[in-house]
1. Only one of (1) open to solvent by less than 20 Å² (accessible area, probe 1.4 Å); (2) under 20 Å from M156 (Cα atoms) fails for V359. Which number is that?
2. Got a sec? Which helices (runs of 4 or more DSSP H) wholly within region 58-164 have at least 2 residues that are among the small types (G, A, S) and open to solvent by 10 Å² or more (accessible area, probe 1.4 Å)?
3. Could we say that T194 is assigned to a loop (DSSP other than H, G, I, E, B) and in contact with a strand residue (DSSP E or B) (Cβ under 9 Å, 6 or more places away or on another chain) here?
4. Look at region 146-156 and say how many of its residues are within 10 Å of V177 (Cβ to Cβ) and over 25 Å from the mean Cα position of the chain (by Cα).
5. Answer yes or no: is there a residue in region 463-476 that is of a type in the set (S, T, N, Q), open to solvent by 70 Å² or more (accessible area, probe 1.4 Å) and modelled with pLDDT of 95 or more.
6. Name the pairs whose Cβ atoms lie under 6 Å apart, with the first residue in region 143-168 and within 25 Å of Y256 (Cα to Cα), the second of a type in the set (F, W, Y) and open to solvent by 10 Å² or more (accessible area, probe 1.4 Å), and 6 or more positions between them or separate chains?
7. Could you check region 370-461 for strands (runs of 3 or more DSSP E) lying wholly inside it with 2 or more residues that are open to solvent by less than 20 Å² (accessible area, probe 1.4 Å)?
8. From G119, G125, G109, which residue is under 30 Å from S442 (Cα atoms) and in contact with a Ser or Thr (Cβ under 7 Å, 6 or more places away or on another chain)?
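The values are calculated or read from the model by the stated rules, or taken from the named source; none is laboratory data. As the structure is a prediction and not an experimental result, all values here were calculated from the model. Methodologically, a virtual Cβ is constructed for each residue, glycine included, from the backbone with ideal geometry; neighbour enumeration extends over all protein chains shown. Note: areas computed on protein heavy atoms with side chains; ligands, DNA, RNA excluded. Shrake-Rupley method; radii C 1.70, N 1.55, O 1.52, S 1.80 Å.
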Amino acid sequence: DFSKAMSQAGPSQFQEVIRQELEYSMKVELDKILATAPSNELEHTKNDLEGFKKLFHRFLQEKGPSVDWGKIQRPPEDSIQPYEKIKARGLPDNIASVLNKLVVVKLNGGLGTSMGCKGPKSLIGVRNENTFLDLTVQQIEHLNKTYNTDVPLVLMNSFNTDEDTKKILQKYSHSRVKIYTFNQSRYPRINKETLLPIAKDVSYSGENTECWYPPGHGDIYASFYNSGLLDNLIAEGKEYIFVSNIDNLGATVDLYILNHLMNPPNGKRCEFVMEVTNKTRADVKGGTLTQYENKLRLVEIAQVPKAHVDEFKSVSKFKIFNTNNLWIALSAIKRLQEKNAIDMEIIVNPKTLDGGLNVIQLETAVGAAIKSFENSLGINVPRSRFLPVKTTSDLLLVMSNLYSLNAGSLTMSEKREFPTVPLVKLGSSFTKVQDYLRRFESIPDMLELDHLTVSGDVTFGKNVSLKGTVIIIANHGDRIDIPAGAVLENKIVSGNLRILDH
C-alpha cells in the first residue's frame, strides 16, 4: 500500500519510492506510445524508446552538478599536445593508405531556425551559392582525387533533417564521394511538471512535431552502432572517424593529425582525440578539458556549480575549449557500445513550446564520452580550425574577402595583416538570412576591419569598405543607407541617413 509505505519511509526511502513511481509511470506511457507504431517502424521506435528510458533512469538518479569542483585539475602537460609538434613529424610517403582508413562524419541534425530558415541548416548558402553540404562534399572529393583514395562521408541526420537532406544528395551522385546517412534517435519531450511524455503516439508531423526532439550529438555512438553502418565500415577496413559539426567551416580533414593517430610516436594508438583551441573573450562558455579522477574529462558550463561559474569562464585558469572536432577509433566505439560502457553526463535542456507549455529534453554531448575511451588526447589546434557559422554575423565573415575559397576549404586571406577575425555584431534586423541578404547590395571589404557593430534599419550599398572600428546605429524609426563605394574607417554613424536615387 503506497500511502502506508510513505508514512513509514525516511527521506531517502521516500525519494526512492517517488523515483520508482515516476519510472513506472514513464514506462506505462512509453508502452502506450510504442503500441501506436506501425509494424515497419516498430523495431526502430523500440530502440529509440529503450535508449530514452535509460537516459530518463539516469536523470532520476543524478542529483546536483555532475562534477565535484574540488577534484578538477589541470590536464597533465603531455595530455594536450600543441598542433605544431604534431605537424613537425611530417607526413609518410604512403598518405593514401592512411586516408583509406578514414571516414568523415558530419553532425547534420540541426535546423536553420536560429537564422530564420526552414529546413536543414546544412542547406543554407554560405559562399558563392555553395551550402555547408556542398563545401563538405567538395573538400572530400578534392582529397579523393588528389590522393586517389576512397574517404566516405557519413551524415548523422535527425528526423527534422533526414528527408530534405536525402532529396538533395541526388545532386552528388556523380561526385567522387560515397555518401551514407543514418538517423539519430527520436526522443519524447517531457512535461516539466509531471515528468511524463507529452506525445500520445509515434507520429511526429502536424501538431505532434513539438512532442519529439533529437537528443543531442552524444547520441552518435548508439545510433551509429544500431544503424549497422559502424559494422559495415569496420568490415571495409576503416579505422577512424573524424566527427565535426557541419556548420564549422574550419573542420577539414587534417593529414598531420590523421598520421599521428595511425602512426603514433610511442606505438600506442589513441582511441579518442579532441581538437581544442585557445579561448578568447568570445568563447568563455565553451566546454573545457580537465583532468578528473586520472582521466581527461570534458566539463561543460552546465555542469559547473554556480559558485564556480566565473572561475570556469576565466581565460587564465582554463585556457582552451572544445571545438567539437573529434577523431575516434571505430573499434573502440563498437567495444564500448557492446559493453554499454559509454558514459556521458546528461544535459537537461528546458524549452517553452509555442503554446506556453514548459518541457525538458534530456541530451548528451559527443565529446563528453572522452573519459570512457583509452589513451585519449587533446590537440591544441590553430583557431582557423574553428569557424562555426551560428548567426548571420558569422555568415558575414565567411562571405567576405577575409577568406578565399579553394576546393571547398576556406582560408584566411594573405592580405589580412593579422590572423584574428574581426568582432562583428549585427542587430536584430539582420537575424534572418533573407533580411540580412537584402541589406547588403554586396558584401563589404573587411580586410582591415577590427570591429563592426550594426543596429537598427541599416543597408549597405555596393563596394563599401570597412576599416578599424565601425559602429552604425539607426535609432528607432530612422534608417541609415551606407552609400555605394563609401569607406568607413574608425567611424560612428548614427541618426538618419537616406541616400536618394537620382
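1. Of the numbered conditions (1) open to solvent by less than 20 Å² (accessible area, probe 1.4 Å); (2) under 20 Å from M156 (Cα atoms), the odd one out for V359 is (2).
2. On the way: elements: 83-88, 95-99, 132-147.
Qualifying helices (runs of 4 or more DSSP H): 95-99.
3. no
4. Step one: filter region 146-156 for residues within 10 Å of V177 (Cβ to Cβ), giving 150-153.
The next check asks that each one be over 25 Å from the mean Cα position of the chain (by Cα); those that pass are 150.
Residues that pass the stated criteria total 1.
5. Within region 463-476, one or more residues are of a type in the set (S, T, N, Q), open to solvent by 70 Å² or more (accessible area, probe 1.4 Å) and modelled with pLDDT of 95 or more.
6. Listed pairs, sorted by first residue: V154/Y180.
7. Working: elements: 377-380, 403-406, 409-412, 423-426, 445-455, 457-460.
Answer list for region 370-461: 377-380, 445-455, 457-460.
8. G125
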